[in-house]
Amino acid sequence: MKVRSVKLREAHKVTANNGRGSFCSVLWDQQALHLVTASSSDPSISIHDPLLPSTAPKILRHHRDGVTALAISPNSTCLASGSVDHSVKLYKFPGGEFETNITRFTLPIRALAFNRSGSMLAAAGDDEGIKLINTIDGSIARVLKGHKGPVTSLAFDPNSEYLASIDSTGSVIYWELHSGRTLHTLNGIAPDTGSDLSVMNVVSWSPDGETLAVPGLRNDLVMYDRDTAEKLFSLRGDHTQPICFFSWSPNGKYLATSGLDRQVLIWDVARKQDIDRHKFDDNICCMAWKPIGNALAIIDVMGKYGVWESVVPSSMKSPTDDVPNLQSKNSNGLLLFDEDEQDVNVSGSLSDLGEDSHGETEAPCRKRLRKQSAYEENFSEGGSEEWSLPPKVDSRKKMNCRNKESLNRNEGLRSIMTSARMKMQEAFQPGATPAQPGKRRFLCYNMAGSITTIEHDGYSHIEIDFHDTGKGPRVPSMTDHFGFTVAALNENASVFANSCKGEKNMSTLMYRPFSTWANNSEWSMRLEGEEVKVVALGTAWVAAITSSNFLRIFTEGGLQKHVLSLDGPVVTAAGFKDELAVVTHASDCLPSNDQMLEFRVFNISNGTQPLRGRLPLTPGSHLTWFGFSEEGLLSSNDSKGVLRVFTDQYGGSWLPLFSASKEKPDENYWVVGLNASKLFCIVCKYPDLFPPVMPKPVLTLLNLSFPLASSDLGAEALENEFILNNMHLLQIQKRMEEMAGAGLDTTSLDDEAFSMEVAQDRCILRLIASCCNGDKLVRATELVKLLTMEKSVKGAIKLVTALKLPNLAERFNSVLEERLLNEAKRTKQKPLQNSVAHVAVNKTLTSAEKINTTESPLSSPKLTAPLFTKKAKSQEVARVGIQKTEQNQIPVLDDIEKEKEIEDVKSYEEVKKFGEMSGIQPNRSSNPFVKSSNKEANKLVENQVQSHRPSNPFLKSSIK
């Protein structure tokens, strides 16, 4: 047996359970930036920083009893926890802010699992039922019942088609998510754990979704087929007692198993051999492979956790190489038959799928049918509702040949659909879906609500619903005799328009406010020989763009205020407060089929046009959505799934903030809206391009993310956060300048900017740690110059000191010295400017007023420059220093934001006291908000800045 040294740290104090300890959990986030641990005997959850293991973890205390289950959403933004107190709670991640109690059970929770999109959470426990919960609104989608003992583990298959569950008696059930039916029941195939609460039976799908792994009865791990539940093979080695936990590597080539014999074995799955092992002092009850590295996180029944580095020998393939790309499998929504299966009749109804499949395992020949070619249904009437059903997948034995066929046909479908768009794009309304005979469709779907319509007996029935019924009014349904085809909606009103009809070829525009002081506030306009193509709403205005390339602007009372001619045919338009954005064709399509579009932004209240330019699109794509973010930033999305936002950077540029190609190509993202950090969309399975009205669509939240190149540090998530923070800081800066120019108070924005700067400094410090670990020292030096706060620079110095990089520590010291000198120069200049101003003021003041004024020349809280306020707050945080740390201990990054609350130190003795506590000399300039009556203290601080160079911790004189 190889000798391994895996250092374990105590994460939770565990009370002995008849000498057996308690079940503890550990998991990584997807970027491997955090480790989360919990224990069934501890009501708290700990979020650890694996880059800085010596720092104290962030503690979440919201449960009243031990935490028995953890799960993190696939995009690492939501953490779920289940407890002995019967509750399931959701938190923001990694911040840890409590969100909601999403559900409760009658008995303790034992298992949680998110599906692949994060839109559904499965929860189960001792009361034997499994709840499927919509994470967007917290509703219970379905309750699955079939187990006869406490459910101890849940696993969604990677294709989101099945759910596997296991109970304490060792029985496994395959559930079909589409219908909630039991597909296979495998009784007693795993050990019966009985009343031992430190051991949980577990199930887990392989990363490619083809195999379900279950602990066996012979101290082995058994693999079962995903579709037939046939036993495929088992891994049996040197475990002398049953396996109590296991974990797949990210690429599925390796497995880690832990047994009640306190051993952890690492397996090469293809060779069915164990390649390494380690014996621990206590049973390892939970493990998690690092998503982007060769490491394994472990935790034992006594609450001690650690990271086993270099789990797989360097001579073998890395556990993160060739991670299965599930999009390449034939589970991408375009479901095809083999040649010999074309005559099978599949309508998508549940009656075809074998009503007698409940209970015991089906015979291997009972393959479930798959849906016909979605391409054929795509161009047939009334076929779209079947698209939204979860796909059916054949047995793994026919996968390979179908993958090739599916990919070829997918490419053919794309080329056919592309060739059909060789002409200029037609006008469309953002958030609308195409008309389908006999089916309800969306006239508008946005962040406020939706407008739906269905045609019946020559007229239409229109309904308006708000997402937040507490904010929006309840609007009665409306009978539509005009046949409206476009609509727009906001919190205050709706506007409708139809195509040209009748002998006079007339189009009608109708406005309906939701609340008004007058009785008859609705109005309508008729346009003869001119069809309304797109409508938009804003604050007290309505806009309609017509087939005559006219932009018609009305007041909310119906006054025709402006009529403008546009340069080309309209494509779409959107409104936000006083601004109207219109997209038009700038010219015919290029020979490459690229659309040539132009956007213009009008300020309706001022009668100005602040923005105009070309609208960028991905080559070969067309515009699918256009609008404003919740903060008022102009945004667009094209058919290749690239979301762009217009900013003032580089004189006005479109930034790509999301790319569907970086997500899952088998899914289409129907955009609804966005805010500063999230994209709100509805996920449609390929080839569906839009959602049906019924069942009610489920909103999915996705993180905004730049399409970055693969970093040599593997720190794309941190680099993305860094760029996003910079963008948000620039936006806040612009708003502050606008408010300051208008004479408005910028205090709230200044606080927001400071919080963002703290978050950016924390991100930069993590990037510096990654650079140091990857030996990218020049990049680390570039990053330290971008730190905003003096304390952050000192924290970076302590970081490289702990990592034993003396040359880098010296360079960081030089950066700090230069910054302190610059601050000292600015501090010297400000008293001179203030003294000149006070001489002029003193000529008109009484002697008593002169004394009061000269005592505190800098005490006025009024500041005209917003940036000056931010710098003052940064200096205030730096003044109180870094917390007292032991040698080689890195300061806690989270304390940067907490120290914003500390009051000013108003005497030299207090400055000296705080400096001694942090090990830093009081060598910085005085805070401009502090009264300058103590001249001796200020003078000494300035002298320290000029004469004292921060010491290199690696010099002999500094070594204790």
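List of remarks:
Residue-by-condition table, conditions (1) among the acidic types (D, E); (2) in a loop (DSSP other than H, G, I, E, B); (3) open to solvent by less than 10 Å² (accessible area, probe 1.4 Å):
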| position | (1), (2), (3) |
| --- | --- |
| H178 | no, yes, no |
| L197 | no, yes, no |
| N201 | no, yes, yes |
| P207 | no, yes, no |
| I266 | no, no, yes |
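- Criterion (open to solvent by less than 60 Å² (accessible area, probe 1.4 Å) and either at pLDDT 90 or above or under 19 Å from Q30 (Cβ atoms) (or both)) met by exactly one of L718, L749, L786: L718
- Whichever residue in region 13-46 is surrounded by 15 or more Cβ atoms within 10 Å (Cβ to Cβ), more than 25 Å from the chain's Cα centre (by Cα) and at pLDDT below 90 and, among such residues, is nearest to L799 (Cα to Cα): V14
- Filtered residues of region 21-47 (kept if assigned to a strand (DSSP E or B) and in contact (Cβ under 8 Å) with a residue 60 or more places away in the chain): C24, S25, V26, L27, W28, L35, T37, S39, D42
- Test: A802 is free of Cβ contacts under 8 Å to residues at least 12 places away in the same chain and either farther than 30 Å from L633 by Cα or small (G, A, S) (or both): no
- Test result for R614, open to solvent by 30 Å² or more (accessible area, probe 1.4 Å) and either within 23 Å of G483 (Cβ to Cβ) or out of contact with any Phe, Trp or Tyr (no Cβ under 9 Å at 6 or more places or on another chain) (or both): no
- Search result, residues across region 446-487 that are more than 29 Å from the chain's Cα centre (by Cα), part of a loop (DSSP other than H, G, I, E, B) and surrounded by fewer than 17 Cβ atoms within 10 Å (Cβ to Cβ): D457, G458, P473, R474, P476, S477, H481, G483
- Scan region 92-125 for residues that are hydroxyl-bearing (S, T, Y) and either in contact (Cβ under 8 Å) with a residue 40 or more places away in the chain or within 24 Å of P207 (Cα to Cα) (or both) and the total you get is 2.
- Taking the conditions (1) open to solvent by less than 30 Å² (accessible area, probe 1.4 Å); (2) modelled with pLDDT under 95 in turn, A164 satisfies each one other than (2).
- Within region 468-487, being in contact (Cβ under 8 Å) with a residue 40 or more places away in the chain and closer than 18 Å to A432 by Cα holds for F484, T485, V486, A487.
- For region 706-751, filtering for residues that are in a helix (DSSP H, G or I) and farther than 28 Å from R779 by Cα leaves 13.
- Checked against the criterion of being outside any loop (DSSP other than H, G, I, E, B) and under 35 Å from the mean Cα position of the chain (by Cα), region 226-242 contains not a single residue that satisfies it.
- Close pairs (8 angstrom Cβ cut-off, 6 or more residues apart or separate chains): more than 14 Å from V793 (Cα to Cα) and surrounded by fewer than 16 Cβ atoms within 10 Å (Cβ to Cβ) in region 816-829, of a type in the set (V, I, T) and modelled with pLDDT under 85 anywhere: L821/V945
- The number of residues in region 621-650 being open to solvent by 20 Å² or more (accessible area, probe 1.4 Å), more than 14 Å from G575 (Cα to Cα) and not β-branched (V, I, T) comes to 8.
- Enumeration of residues in region 247-264 that are open to solvent by less than 10 Å² (accessible area, probe 1.4 Å) and of a type in the set (A, V, I, L, M, F, W, C): L255, A256, V264
- Checklist (1) within 20 Å of T68 (Cα to Cα); (2) part of a strand (DSSP E or B); (3) among the β-branched types (V, I, T); (4) open to solvent by 10 Å² or more (accessible area, probe 1.4 Å) applied to T193, failing item: (2)
- Within region 550-579, the residues that satisfy the criterion of being of a type in the set (A, V, I, L, M, F, W, C), surrounded by fewer than 16 Cβ atoms within 10 Å (Cβ to Cβ) and part of a strand (DSSP E or B) are V563, L564.
- Cβ-Cβ under 6 Å pairs, at least 6 apart or on other chains, region 520-533 side surrounded by 17 or more Cβ atoms within 10 Å (Cβ to Cβ), far side at pLDDT below 90: E531/S499; E531/C500
- In region 430-445, the residue that is farthest from Y669 (Cα to Cα) out of those that are assigned to a loop (DSSP other than H, G, I, E, B) and under 31 Å from the mean Cα position of the chain (by Cα) is P434.
- Scope region 167-176; condition buried (at least 24 other Cβ atoms within 10 Å of the Cβ) and of a type in the set (S, T, Y); matching residues: S168, Y174
- Residues of region 101-128 that turn out to be open to solvent by less than 30 Å² (accessible area, probe 1.4 Å), outside any strand (DSSP E or B) and modelled with pLDDT of 90 or more, as a count: 3
- Residues of region 687-705 that turn out to be open to solvent by 50 Å² or more (accessible area, probe 1.4 Å) and of a type in the set (V, I, T), as a count: 1
- Listed conditions (1) without any contact (Cβ under 8 Å) to a residue 40 or more places away in the chain; (2) assigned by the TED database to the domain that holds V26 are all met by S314, apart from (2).
- Residues in region 564-594 that are under 31 Å from the mean Cα position of the chain (by Cα) and not charged (D, E, K, R): V571, T572, A573, A574, G575, F576, L580, A581, V582, V583.
- When region 47-74 is filtered for residues that are open to solvent by 40 Å² or more (accessible area, probe 1.4 Å) and under 18 Å from A32 (Cα atoms), the ones remaining, listed by number, are P50, L51, P53, S54, A56, P57, K58, P74.
The values are calculated or read from the model by the stated rules, or taken from the named source; none is laboratory data. Since the model is a prediction, treat every value here as computed from it, not as a measurement. FYI the Cβ positions are ideal-geometry reconstructions off the backbone, even for glycines, and counts take in every protein chain you see. Ligands, DNA and RNA are stripped out before the accessible areas are found, and what is left, the full protein with its side chains, is counted by its heavy atoms. Shrake-Rupley method; radii C 1.70, N 1.55, O 1.52, S 1.80 Å.
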